[in-house]
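Trainee: Just dropping this structure here.
The values are calculated or read from the model by the stated rules, or taken from the named source; none is laboratory data. Small disclaimer: the values here were computed from a predicted structure and weren't measured. Reconstructed Cβ throughout: ideal geometry from the backbone, glycine too, with neighbour counts over all protein chains shown. Just so you know, the surface numbers come from the protein's heavy atoms only, side chains and all, with ligands and any DNA or RNA stripped out. Shrake-Rupley method; radii C 1.70, N 1.55, O 1.52, S 1.80 Å.
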Amino acid sequence: MSAKIALPQLPNKPLWFAPSQPRERLEHDIDADVVIVGAGYTGLWTAYYLLKADPALRVVLLEKHQVGFGASGRNGGWASAIFPISLHRVEQLYSHQAALHLQGAMNETVDEIGRVLALESVDADYAKQGFLSLARSAPQMARARAAVESAARFGLPDQWRVLEAGQAQSCLNAEGTLGGLYTEHCALIHPGKLVRGLAQLVERLGAKIYEQSAVTQMAPGVVHTACGSVRGEVTVRATEAFTSQQPGKSRFVIPLYSLVLATEPLSPELLARLKLDHRMAFNDMRHLRVYGQVTAEGRLVFGGRGAPYNWGSRMSEQADLVDSTHARIYQTLLEFFPALADARITHRWGGALGVSRDWCPTVSIDRKQRLAWAGNYVGDGVATSNLAGRILRNLILERDEPINTLPLVNHHSPSWEPEPLRWFGVNGGLAAASLSDLEERYTHKPSRTAMLLEKLTGAH
């Protein structure tokens, strides 16, 4: 069956979604100690760590749709130690020691997620086998070697290691592999099982989750919905890309869409032949990011960036599906693994990730406004949201821990430009990343466009 014919016929249905009993809507006024807006990873991890620290806390979560509706139920399933901006950029903004502290905390967070899931008997298909970024061109191989050398000079000699062609091909039999870059600091999860498991866990600990309860207004000490309000000592805004839709926040963060495909379960023989019979996260070192994993049931999940930014930070269900972008992701999948040309694509979907102007996440608190917030993960939120939840617990309960001094704590990003500058700038950046890959394909040299883009954004 031709993907050109089949892909547009597939509905917007994330592989990770599953039918569940709907929770009640908030229909009266209540009191709480902490009210959390958003029942995704950030909100749920925050509730978990708060209740483990103080089981007597009254914690309420308000969700506009259902648990895991946003990025927490739509992502690619990587719990990685990757931070959206480079350590050199963190060093410029803060200090060398702060950057080292941050990377150490991100590494530990990957293990912390596995520790909690085991401790609390939450089955989210967690598997820590690392992350392999393939080099499939000479410029990509040069970047792999440079990344290891740069990390060693920075003081992190064990963060990454180069794999030569034979080593990389023994891990992943992708077409055109010249080598790769490997780190142990990454785990795979089933996003839906994780978000649903966390929701059930915090409910067992005493939290109350209200679904279909869109927040209409947040004020110091009270959060309003259409049918009821919650009076709380502290409000936590955990709305990630959806923050852009709130009054006065349209330039605080922008929604940038990432799109994903999933195959039917692949045969054990085919998985073995392609060296996909493992739970290692993978991509290659192109500039317009792609990402892949094989699920516990043997499906290949493969996604990427490239969907256009919508004018005025508009978010809609239609933006989850961009036929041309899904088609490019499918073609990239076949470039990696031509043998999958006959494998059926069963799911396609998309979702918005939150991006701040300087690409840096934040975990912050304003005690005067009685408001805390976290997000702007730029697509690296599966692990970072766990770290954010622990920091939010500390900030709310005024607990002193070393993670409270990490660079993302109370980090304030500049505002995005107004339209039309924002539209031109963001879509221009996406086009530049795609052009950089094309430039390297034809010149076989590192892209000058990509070097400029990295200097402008600080991203990597």
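Trainee: For segment 340-358, enumerate the residues that are touching a helix residue (DSSP H, G or I) at 6+ places or on another chain (Cβ under 7 Å) and over 30 Å from residue 221 (Cα atoms). It would help to see each step written out before you state the result.
Mentor: Here is the first cut: in segment 340-358, the ones touching a helix residue (DSSP H, G or I) at 6+ places or on another chain (Cβ under 7 Å) are 340-341, 345, 348-354.
340, 341, 345, 348, 349, 350, 351, listed by residue number.
Trainee: Can you run down the residue pairs with Cβ atoms below 9 Å, 6 or more apart or on separate chains, where the first is in segment 324-351 and over 19 Å from residue 168 (Cα atoms) and aliphatic (A, V, I, L, M) and the partner is part of a helix (DSSP H, G or I) and modelled with pLDDT under 95?
Mentor: These pairs meet every condition: 327/3; 327/4; 327/7; 327/8; 341/3; 345/3; 345/6; 345/7.
Trainee: Going through segment 390-430 one residue at a time, which ones are open to solvent by 20 Å² or more (accessible area, probe 1.4 Å), over 25 Å from residue 233 (Cα atoms) and part of a loop (DSSP other than H, G, I, E, B)?
Mentor: Result: 413, 414, 415, 417, 418, 419, 420.
Trainee: Looking only at segment 318-329, how many residues end up being surrounded by fewer than 19 Cβ atoms within 10 Å (Cβ to Cβ) and more than 27 Å from residue 245 (Cα to Cα)?
Mentor: The total comes to 2.
This table checks each residue for (1) surrounded by fewer than 21 Cβ atoms within 10 Å (Cβ to Cβ); (2) touching a residue at least 24 places away in the same chain (Cβ under 8 Å); (3) closer than 19 Å to residue 370 by Cα.
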position	(1), (2), (3)
223	no, yes, yes
230	no, yes, yes
234	no, yes, yes
239	no, yes, yes
244	no, yes, no
251	yes, yes, no
265	yes, yes, no
274	yes, yes, no
278	yes, yes, no
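Trainee: Follow-up question, since we're still on this one. Please verify whether residue 215 is open to solvent by 30 Å² or more (accessible area, probe 1.4 Å), more than 30 Å from residue 52 (Cα to Cα) and at pLDDT 95 or above, treating the condition exactly as stated.
Mentor: Working: open to solvent by 30 Å² or more (accessible area, probe 1.4 Å): yes; more than 30 Å from residue 52 (Cα to Cα): no; at pLDDT 95 or above: yes.
No; evaluated as a whole, the condition is false for this residue.
Trainee: Let me ask something else. For residue 179, state whether it is on the phi > 0 side of the Ramachandran plot and either crowded, with 19+ Cβ neighbours inside 10 Å or of a type in the set (Val, Ile, Thr) (or both).
Mentor: Details: on the phi > 0 side of the Ramachandran plot: yes; either crowded, with 19+ Cβ neighbours inside 10 Å or of a type in the set (Val, Ile, Thr) (or both): yes.
When the stated conditions are applied, residue 179 passes them.
Trainee: Determine, yes or no, whether residue 191 is touching a residue at least 60 places away in the same chain (Cβ under 8 Å) and open to solvent by less than 10 Å² (accessible area, probe 1.4 Å). Before you say what the answer is, go through the steps one by one.
Mentor: On the way: touching a residue at least 60 places away in the same chain (Cβ under 8 Å): yes; open to solvent by less than 10 Å² (accessible area, probe 1.4 Å): yes.
Judged against the criteria, residue 191 is a match.
Trainee: Taking the conditions exactly as written (under 20 Å from the mean Cα position of the chain (by Cα) and either hydroxyl-bearing (Ser, Thr, Tyr) or closer than 22 Å to residue 283 by Cα (or both)), does residue 350 satisfy them or not? Talk me through it step by step, then tell me what you get.
Mentor: Values: under 20 Å from the mean Cα position of the chain (by Cα): yes; either hydroxyl-bearing (Ser, Thr, Tyr) or closer than 22 Å to residue 283 by Cα (or both): yes.
So residue 350 fits the description; yes.
Trainee: Additional query: Name the helices (runs of 4 or more DSSP H) wholly inside segment 38-136 in which the number of residues that are in the same structural domain as residue 27 (by the TED database) and crowded, with 18+ Cβ neighbours inside 10 Å is 1 or more. Don't jump to the end; show me each part of the working.
Mentor: Numbers: elements: 41-53, 87-93, 96-119.
In segment 38-136, 41-53 are the helices (runs of 4 or more DSSP H) which contain 1 or more residues that are in the same structural domain as residue 27 (by the TED database) and crowded, with 18+ Cβ neighbours inside 10 Å.
Trainee: Inspect segment 303-315 for any residue being surrounded by fewer than 23 Cβ atoms within 10 Å (Cβ to Cβ), over 21 Å from residue 251 (Cα atoms) and free of Cβ contacts under 8 Å to residues at least 60 places away in the same chain and give the result as yes or no.
Mentor: no
Trainee: Counting just the residues of segment 201-211 that are in contact (Cβ under 8 Å) with a residue 12 or more places away in the chain and out of contact with any Asp or Glu (no Cβ under 8 Å at 6 or more places or on another chain), which one comes out surrounded by the fewest Cβ atoms within 10 Å (Cβ to Cβ)? Before the answer, list the steps.
Mentor: Taking segment 201-211 first, the residues in contact (Cβ under 8 Å) with a residue 12 or more places away in the chain are 201-202, 205-211.
Among the residues that remain, those that are also out of contact with any Asp or Glu (no Cβ under 8 Å at 6 or more places or on another chain) are: 202, 205-208.
Working: 202: 26, 205: 16, 206: 13, 207: 25, 208: 19.
Within segment 201-211, the match that is surrounded by the fewest Cβ atoms within 10 Å (Cβ to Cβ) is 206.
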